[in-house]
């Protein structure tokens, strides 16, 4: 039976560290503050917003929500972001994407001040992830994967890691974070031949494909560490990961559940970035 | 016996395309122009400068060399780069690195205008490589590798590619360029265990480790495509690649020589970037 790598355990350990840091900042008169910028009101965004606020406020981080109508003009949105950039009481900015179709997302991303860009939208932070420069902010989800591995004492150094998925929010930045930690990283995707074999050969397998339960018993091997980044809804309307947990869990050594795995840690990473941004200000 | 992938053949084919493009620009009154910015006079830089000038001038691209003393102040260097940015007659900028130790290289890199940054120094262009956005300029050497594969009809799509080396000038950007082309990419480095085996399993093996002749017959297998990015000088003062050509060539299907391989194509990619930058101006 595999060790269940629970997001809640990781979040708890992170919380202890973060509470201390928020207290330290408080002694200097700083209250870390996250601005959540949302255009429209998609249910997914609202759901993430609620959990981000809950996580942040539980740590003593203030949250301010800036909501704009879906038909906001690009110039107006950019102007609003600039105001948030200039507000010295705000340390971090979370901007929900995708933005409505009439908005040039790339132009907007560049406006977010790199020092407040706690979810890695600005190319300056993306380039830092690529360079292995840890002074920036990596995207929260891939960093959550690294936090989970750390917490469970799994050192990626020298290990064969296979990542299924090459997105800019998970697969590619995670590859960079793990190369930085001296893993040997293989990035797979829909065009990969022999995907099952490549997955079986890994010591650490990370599923970030966005396909419900695609990773079954044919993709894994004994002793593996399996991290499931997927959040999907199956035909029965049930939340599930990219990994077929029932079939994979009996074979591997470590596995994250969905829900209760990576997703649970993502908001902790976000909160940690806000605290770090607030600390950089001092 | 392996097919020898000659840089000169690739450069020749690229030249035909580029000459047409320079002619087309000439009809609009545009003469592509590269600014070469050099601090000090390292022999390596001078050697690359000579071949870049030769390549560019052979294509009708103007070159202007801006040479500064090694003790130039950072602010002065940045001011000089800004002048080049503002000069509408200059389309591309090549800045030799490493810069002297007293200069904050990162700050200087950010000053190079992204639209003229033909060697991918600015984080904006680095981030584009990471994102798979081809509107920017990738670093010249990894793009030269892709040009060679293209020229010899080797489509990386779906293929297992192993890259030895994770530098920001070759290994990591090359991984991104090849993922963009649907290859399954594994990035190896000094901490990789089972390096030989990982290399043997690849269909395309790219050596960018910077270690003279490290890739010998134990790293390769029949039918492989081997691209050697290394340029080293061995104990006898002889130029050699990362691949032990004599031992590897009889086994594999395709191989690049050193010298006369990737290095020969790099200046062609640089010239092509200058032409593209000049075209973007119209």
Query raised in the report: Which of A:155, A:20, A:194 moves most in a GNM of chain A, Cα contacts under 10 Å?
Result: A:194
Query raised in the report: At a Förster radius of 35 Å, what calculated FRET efficiency corresponds to the Cβ-Cβ distance of residue A:211 and residue A:16, to the nearest 0.05?
Result: 0.50
Report summary line: Rounded to whole angstroms and listed largest first, the alpha-carbon spread of the range B:32-184 along its three principal axes comes to 48, 34, 30
Report task. On a 0 to 90° scale, report how tilted helix B:7-27 is relative to the longest principal axis of chain B, with both axes built from alpha carbons and the result rounded to the nearest 10. Result -> 30
Report summary line: Note: the range B:29-113, point scatterers on Cα, Debye, no solvent; log10 I/I(0) at q = 0.11, 0.23 Å⁻¹ equals -0.29, -1.16
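For the range B:133-182, what is the Kirkwood estimate of the hydrodynamic radius, computed as the reciprocal of the mean inverse distance between distinct Cα atoms, to one decimal in Å?
Numbers: mean 1/r = 0.0895 Å⁻¹.
It is 11.2 Å.
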**Report entry** GNM result for chain A, Cα springs below 10 Å: residue of A:133, A:87, A:242 fluctuating most strongly
**Finding:** A:87
Requested in this report: Starting from a label point 7 Å past Cα on the Cβ side, list the distances from residue A:234 to the same position in the other copies, nm, shortest first.
Outcome: 5.9
Requested in this report: State log₁₀ I(q)/I(0) for the range A:106-243 at q = 0.13, 0.14 Å⁻¹ as given by the Debye formula over alpha-carbon point scatterers of equal weight, solvent excluded.
Outcome: -0.57, -0.66
Report summary line: The helix B:262-280 Cα axis meets the longest alpha-carbon principal axis of chain B at an angle in degrees, between 0 and 90 and rounded to 10, of 40
Query raised in the report: From the label point of residue A:74, set 7 Å along Cα to the beta carbon, how far off in nm is each other copy's matching point, shortest first?
Result: 3.5
**Report entry** Unit Cα scatterers, Debye sum, chain A: log10 I(q)/I(0) for q = 0.07, 0.10 Å⁻¹
**Finding:** -0.26, -0.53
Query raised in the report: Expressed as a rounded percentage, what relative contact order does the range A:220-282 have, with Cα pairs under 8 Å and six or more residues apart?
Result: 34
Report summary line: Relative contact order of chain B (C-alpha contacts under 8 Å, at least 6 apart) in percent is 23
Query - Burial ordering of A:251, A:81, fewest other beta-carbon atoms within 10 Å first - result: A:251, A:81
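Among DSSP beta bridges lying fully in the range B:194-282, give the percent that are antiparallel, nearest 5. Don't skip to the answer; put the middle values down first.
Working: 2 of 9 bridges.
If we restrict to bridges inside the range B:194-282, about 20 percent are antiparallel.
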Report task. Using only Cα atoms, tell me the angle between helix A:140-151 and the longest principal axis of chain A; keep it within 0 to 90° and round to the nearest 10. Result -> 60
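Kirkwood hydrodynamic radius for the range A:175-228: how many Å is it when counted over pairs of different Cα atoms? Working shown, then result.
Numbers: mean 1/r = 0.0846 Å⁻¹.
Answer for the range A:175-228: a Kirkwood hydrodynamic radius of 11.8 Å.
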Requested in this report: For residue B:153, go 7 angstrom from Cα along the Cα-to-Cβ vector, then report the distances to that same point in the other copies in nm, smallest first.
Outcome: 5.6
Report task. Taking all pairs of distinct Cα atoms, average 1/r, flip it, and tell me the Kirkwood hydrodynamic radius of the protein assembly as shown in Å to one decimal place. Result -> 25.3
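With 14 Å as the cut-off, how large is the P(r) tail for the range A:165-204, expressed as percent of Cα-Cα pairs?
On the way: 380 of 780 pairs.
In whole percent, the share of Cα-Cα pairs in the range A:165-204 beyond 14 Å is 49.
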Query raised in the report: Can you pull the mean other chain C-beta count within 10 Å for peptide B:190-202?
Result: 3
Query - the range B:34-80: translational diffusion in µm²/s, Stokes-Einstein, Kirkwood Rh over Cα pairs, 20 °C, 1.002 mPa s - result: 186
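No value in this document is a laboratory result; all are computed from the given coordinates. Only a predicted model underlies this, so the values are computations on that prediction, with no experimental measurement involved. Cβ sites come from the backbone with ideal geometry, for glycine too, and all protein chains shown count toward neighbours.
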